[in-house]
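Report on the structure given below.
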Amino acid sequence: MYLTHKMSGYAGQGCATHPIIEGMDARSLVLAVAFLALASSLGAQAPARHSARVVHLRIQTDRPAYRLGDSIRVRLTLRNVSDHPVRFENQSATLQARLRLYDAVGHQVEPTARGVLGRGGGPKSTLNAGGEATLLYWRSPPRQEWLNLEDWGYDLRAPGRYTIVGIPRVFGPELTPDYGTVRSNRATFTIVP
């Protein structure tokens, strides 16, 4: 069996056999095309992209209650909840985690100051499947794991019960970022007069 194709664009011409496939049967042609497709996909494989949603944030406060004017300190830990390693750009904690505060009735509390931006551009970090990494204070020395909530612009001056949630802001060449979805626990604390 010969495969033929109609030469388009030439009025009055009928079917012609293409010289490359002349003499090939349909099965051989299908196998040849499949082999070429497989070979080309192996040579130009890009790194697998993963959603940043597999990175979650654990938030802890150093105490359950504070007096008005006390420094509120938090420890932030990134956790890979997937079954594969995740590589991302290393940055300061204030860039790598966006924190949101809510009051006792659920209203979002806006930052009262600009906050500390810190710096980015450090070496890439890798979180293995199920692995964790604590975010550290960006100035060194000393490298501290307990961070001041004021670094995110929150200077709380009203007594009450507050809840913190967070968005891990990780990105890298193998990650599709997600800067909008809360992926953390809810850490609560109280400020007393």
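Each reported figure results from applying straightforward, stated rules to the coordinates on display, with no laboratory input. Model, not experiment: these values are computed from the prediction. Please note: Cβ atoms are built from the backbone with ideal geometry, for glycine as well, and neighbour counts cover all protein chains shown.
Based on every Cα atom in segment 50-192, Rg and the maximum pairwise Cα distance Dmax equal 15.1, 45 Å. Take every DSSP beta bridge whose two residues both sit in segment 50-192; close to 85 percent of them are antiparallel. Neighbours of A48 by Cβ distance under 14 Å: Lys/Arg scored +1, Asp/Glu scored -1, total 0. Each peptide in 159-168, 78-87 gets a packing score, the mean of other Cβ atoms within 10 Å over its residues, and the list from highest to lowest is 159-168, 78-87.
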